[in-house]
Structure formats: C-alpha cells, structure tokens
1. Take every Cα pair under 8 Å in region 78-122 that's 6+ residues apart, average their separations, divide by the length, and report that relative contact order as a whole percent.
2. How far apart, in nm, are the 7 Å Cα→Cβ label points at residue 145 and residue 67?
3. For the chain, find the longest principal axis of its Cα atoms and tell me its angle to the long axis of helix 135-157, 0 to 90°, nearest 10.
4. Please compute the contact order of region 44-124 in relative form: average sequence separation of alpha-carbon pairs under 8 Å and at least six residues apart, divided by the residue count, as a percent.
5. According to a simple spin-label model (label point 7 Å from Cα along Cα-to-Cβ), what is the distance in nm between residue 89 and residue 138?
6. Go ahead and run the numbers for FRET between residue 39 and residue 4, Cβ-Cβ distance against an R0 of 41 Å, rounding to 0.05.
7. What percent do you get for the relative contact order of region 87-160 when only Cα pairs under 8 Å and 6+ apart count?
8. Just to be sure I understand the model, the point goes 7 Å from the Cα along the line to the Cβ. What's the resulting residue 20 to residue 131 distance in nm?
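Where a number appears in this text, it was derived from the coordinates with a stated rule and is not lab data. Remember, it's a predicted structure, so these values are computed and weren't measured experimentally. Reconstructed Cβ throughout: ideal geometry from the backbone, glycine too, with neighbour counts over all protein chains shown.
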C-alpha cells in the first residue's frame, strides 16, 4: 500500500504587478478630502465627470444614483465652484455643465499622488500637517511620510 505524499513547492519567484498605483488610494482619497474639503461622494462624482467634458443634469443624476441620496449635491458642487454652466438652456438644448479649472487641477493632483508624487510635508500645502491636526490626521500624515520615504528610496535605486 503506497500513499502519495503531496509535493510542496517553494514559490520563490514572484511576479511584480504591472500596476500598483491604487495601492495607496485610501491615503490619497483621505488627503484629497481634507485638502479640498469635500466628501467622498463629491470626490467620486468629480472623478467620474473628469473625463466627461460636458454633461447635463440628467447625466449627473444617472451616476449619482450609485451614491447615497443627497438632494443638494449638484447645487453644492456648483456653489463650491467645482462645476459651472458651460452653456445655458436654449429652446431644444439642455443646459450643459463642465468641471471648473479648480476641479480639474484637483483631479490632476490626485492622479499625480497615485503615480507616486510625494506628499507635501508642510502645513501650508497639506492640512494634515497642521499643529492642531486630529489623531486620525496624524495617523495618515505618518503614513504619508512613509510613502514619501518609499518614493525617495525608489528614486535613489533608479527603478522608478
């Protein structure tokens, strides 16, 4: 009676992922929410609209159905200068909106952080580094310091 012994292999070679820019999404999202004083849903909406160029209120509402209900989100984004009117309603054409320069720059900044741009460690450019930061802000800022060190090490090695 022969019993088969399972073969255990050591897997010493690992495939490095082609893309890992979402690795720190939680940190980048938290940073963006604090820096730009927006909610997660507002950030999600702006990220969605970034590639839409022009949109009408119906298109906004269609994507908004995926989010928690908020009757004033659209108007709040307009009032806070994240969205503005591109073309006013004209007979058979609906009003068209677009993201403002401010919104586009914020999205570009988020993408840069996801693509390993260092976080500012001064309170002027990063509110998480204020002296009166909350405990949670301090936890995130310490993590950001670690990310900055990782980016610096990668650049020194030349593998970036």
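1. Computed value for region 78-122: 29 percent relative contact order.
2. Spacing of the two 7 Å Cα→Cβ label points: 3.4 nm.
3. Helix 135-157 sits roughly 60 degrees off the main axis of the chain.
4. For region 44-124, the relative contact order is 32 percent.
5. In this crude label model, residue 138 to residue 89 measures out at 5.2 nm.
6. It comes out at approximately 0.10.
7. 18 percent
8. 3.8 nm
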